[in-house]
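Following: one structure in structure tokens, then a few remarks.
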Amino acid sequence: MRIKRVAALAATAALAVTMTACGGDEGSGEGSGSGASGIVGKAENQKKLVIGVKGDQPGLGLQTGNQYEGFDIEIGKIIAKGLGVEEADIEWKTTVSNNREPFIQQGTVDLVVATYTINDERKQKINFAGPYFMAGQDLLVKTDSTITGPDQLNGKTVCSVTGSTPAKRIQEEYPQAKLQLFDSYSKCLPVLDNGQVDALTTDDIILAGYAAQDQYVGKFKVVGNTFSEEPYGIGLKKEDTAGCEKVNEILKAAAEDGTYKAAWDATVGKSGTPAPELDTTKLTNCSA
């Protein structure tokens, strides 16, 4: 009898272990969902995204209180919607030129849409979808300035932003110019206005937005002599090839259905500048 009782207890314990193991498998979540990772997986599972944007660029990315507006903001909304995330579930995160790659690498943001030039150096650290716009580096000067291009910057003081492509180009290609660097372009405007610097340099579309601000109307002019091509891309983690490819698909759709043009017309287009054609044949190879 004792042997039978021990055997019965052993059988009961074995059954309990088996049931627990089965229950554990059912509750682990393995095999549920699409299995997507990166921004596609986050959008699918959490229905929210954090997007890094500029907060001081009129027409492109401008923060007023808790609100953001501009072309880059509208592009961010288009991408989020294409990923299944509603506008109300986007968290906008102000970035500056010098922290865009760290923010992406550290997961502080999921995407960066912030007048972000695609270049080989940055592609060593992150991935880029796009480009969604082609800008060109130019100069903003006072209306009575005689500067007509970068070749006239010898001995002049030029304001730009730490970590930016425009600042690097001035350093490398126009070394006789003196650079005054800040962490945002908006800080260059007062020193240009009071004569502490002779020019502000960044992309032409950004400069046009600054010159059109009410407090600066009539004070500044964009020289109109671009000396680079700046393809604006959407930054995301280096390994997120699937996310990059999905963003490119969303951009293609936006070009075809008129959403891209509507985003331009509602922002930069108010200045009278017609919407550019989004050349989807030049979208990045995300796995390169």
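The values are calculated or read from the model by the stated rules, or taken from the named source; none is laboratory data. Since we're looking at a predicted model, the values are computed, not measured. Cβ placement follows ideal geometry from the backbone for every residue including glycine, while neighbour counts extend to all protein chains displayed.
Here are some notes:
- Among the residues of the range 239-279, the one identified as over 19 Å from Tyr68 (Cβ atoms), over 18 Å from the mean Cα position of the chain (by Cα) and among the hydroxyl-bearing types (Ser, Thr, Tyr) is Thr273.
- Candidates are the residues of the range 156-170 that are in contact with a Leu (Cβ under 7 Å, 6 or more places away or on another chain) and outside any strand (DSSP E or B); the one that is surrounded by the fewest Cβ atoms within 10 Å (Cβ to Cβ) is Thr162.
- Residue match in the range 148-162 (condition: closer than 26 Å to Gln63 by Cβ and out of contact with any helix residue (DSSP H, G or I) (no Cβ under 8 Å at 6 or more places or on another chain)): no
- Residue in the range 186-195 that is farther than 25 Å from Lys54 by Cα and either out of contact with any helix residue (DSSP H, G or I) (no Cβ under 6 Å at 6 or more places or on another chain) or of a type outside the set (A, V, I, L, M) (or both) present: yes
- Residue match in the range 140-155 (condition: in contact with a Ser or Thr (Cβ under 7 Å, 6 or more places away or on another chain), crowded, with 24+ Cβ neighbours inside 10 Å and outside any helix (DSSP H, G or I)): no
- Of the set (1) closer than 23 Å to Gly209 by Cα; (2) at pLDDT 95 or above; (3) not assigned by TED's automatic domain parsing to the domain that holds Val191, all apply to Ser145 but (3).
- Filter result for the condition that a residue is of a type in the set (S, T, N, Q) and over 13 Å from the mean Cα position of the chain (by Cα), over Thr115, Thr143: Thr143
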